[in-house]
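The values are calculated or read from the model by the stated rules, or taken from the named source; none is laboratory data. What you see is a predicted model; the values in this text were computed from it and never measured. Ideal geometry is used to build each Cβ from the backbone, glycine not excepted, and the neighbour counts take in all protein chains shown.
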């Protein structure tokens, strides 16, 4: 009825290949932007920022990053936590070494450093695939965490071995440290998400994205038609790590404020982001958002219902959450390997025909 | 056969040019197995050249040598008058050699349009930064190449499946999309590995028509492997026959048909 391509004529190829080809989707997108920018900043408080919005936005960046590598380019990675740690420690070193520079540049710099590290650990992907590559990236995960624990230079020789973000301001408003307001944190993270999601969309719809997907779907054929596999895989590692590095930097500086590497960026983090990508949908940017939202909101929801509503003990609720997430992952792998994004696509296809069955 | 040093004119009046590719004494060994034994032949500009032979004769290996997937143990590949240095397959693609596969090798998760757009990979020039910001060349290039791709889609009559993921398409259409992907690169030389395998008569007729039209309209040189003798004899200008890695015949379809070695290879020889 309202969700139709009919009548919305595309007269140029630019028009035909836009992100939201159906008018209703465009309106929905503007509505989301309006809510995110026009309403949420004015009503957000510390609880909502630290429990829901900020982690959702940061995990979205990490999930988009991993999705570029695993979903678009087909290279499985279990090193996400390690690469987030690189981003966190890079931003910490940059913040403490150049305190006069704007923190936005520190975060971007952390992304670039992580991209370099990602390329380095991506080199084995030229020789090995699948499970074997997963194990190689797992080595990266453990090596990086070990490195940041063992080399005191990385945590500026602090006695606790932790790093904690010094207070930094953006246009006079505190962004890190204890004084930072929920609104400032939210808006900066939202800005990063908006720009990075746009970059990811551009990259995945153009030549680079097609070369990634070609490598994912059939690497031999990709090479025969002119894709340089070395270039395609390493750019995927670089872009993916850039995103994950920025996520790690924001996670440390804006969200947590103080970090112990094994705790915040351990193997659990790698799996969490991987689960977001799998549940959300491999090879879909919308899926990255959906997966991040799902895995950030689910614990909050369960906690509110089980502990707040039913009065169950907290530890029981926490264990139940693990079981539910595990069950869902098994369910998704069997029932819908393409995740929430695929369910969303199917729903849209049905909606296009609605109220007619065919 | 006529002297063909400067090219020749076919029975249906097409002009065939000089040598585009020449295989000189190609030998390919895998350990003790000799897949190709000292084979030489040439492919001329604008012609349809078939490679035939019984199963295991080394035809696909030969195609893999041409497309850079295998490096010949001995011998040289000459392309456009120069010996080709050792190259990775993607570099060969950039020289203007495209191919299709015996078992369809499409990118299953991508749409028909994206598959064919990927075929133009070698012709795209915008760099990654331009693409990331969708600025300057990137956006313009996308539309320009889309226009070329749409022409191929029209040519192959696959407009209706433009945005369908290729994994959902029936076999015959997938073969057609794969041909489209190879054509998108605007190749000088198009290699087709059994383009008609597993097709019914109608699909074969369609595919034959497309192959002839590609050759006729775009002037693309085509080298193909095919088992259907009727198709080979009708389509090709010249035929190379291989058996057990050796060349046993080379010439026009009529010459090859009457060659005693070829008849023996296909029908067997009685030993009494």
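Filter region B:168-210 down to the residues that are surrounded by fewer than 16 Cβ atoms within 10 Å (Cβ to Cβ), without any contact (Cβ under 8 Å) to a residue 60 or more places away in the chain and either within 12 Å of the chain's Cα centre (by Cα) or outside the structural domain of residue B:47 (by TED's automatic domain parsing) (or both) and list them by number.
Result: B:168, B:170.
Go through region B:40-146 and tell me which strands (runs of 3 or more DSSP E), entirely inside it, have 3 or more residues that are away from chain A (no Cβ under 11 Å) and surrounded by fewer than 22 Cβ atoms within 10 Å (Cβ to Cβ).
Strands (runs of 3 or more DSSP E) meeting the threshold: B:74-79.
Could you check how many residues of region A:97-145 are in contact with a helix residue (DSSP H, G or I) (Cβ under 7 Å, 6 or more places away or on another chain) and without any contact (Cβ under 8 Å) to a residue 40 or more places away in the chain?
Count: 4.
May I ask you to verify whether residue A:184 is in contact (Cβ under 8 Å) with a residue 40 or more places away in the chain and more than 10 Å from every other protein chain (Cβ to nearest Cβ)?
No; evaluated as a whole, the condition is false for this residue.
Would you mind stating whether residue A:275 is under 12 Å from the mean Cα position of the chain (by Cα), in contact (Cβ under 8 Å) with a residue 40 or more places away in the chain, within 11 Å of chain B (Cβ to nearest Cβ) and in a helix (DSSP H, G or I)?
no
Considering every residue within region A:2-17, establish whether at least one is within 12 Å of another protein chain (Cβ to nearest Cβ), closer than 19 Å to residue A:204 by Cα and assigned to a loop (DSSP other than H, G, I, E, B).
Looking through region A:2-17, at least one residue is within 12 Å of another protein chain (Cβ to nearest Cβ), closer than 19 Å to residue A:204 by Cα and assigned to a loop (DSSP other than H, G, I, E, B).
Can you tell me how many residues within region A:191-211 are at the interface with chain B (Cβ under 7 Å from one of its Cβ atoms) and buried (at least 20 other Cβ atoms within 10 Å of the Cβ)?
7
Can you tell me which of A:214, A:221 is surrounded by fewer than 24 Cβ atoms within 10 Å (Cβ to Cβ) and within 14 Å of chain B (Cβ to nearest Cβ)?
The conditions single out A:221.
Which numbered condition trips up residue B:154, out of (1) in the same structural domain as residue B:119 (by TED's automatic domain parsing); (2) more than 27 Å from residue B:91 (Cα to Cα); (3) in contact with a helix residue (DSSP H, G or I) (Cβ under 8 Å, 6 or more places away or on another chain)?
Looking at each condition in turn, residue B:154 falls short on (3).
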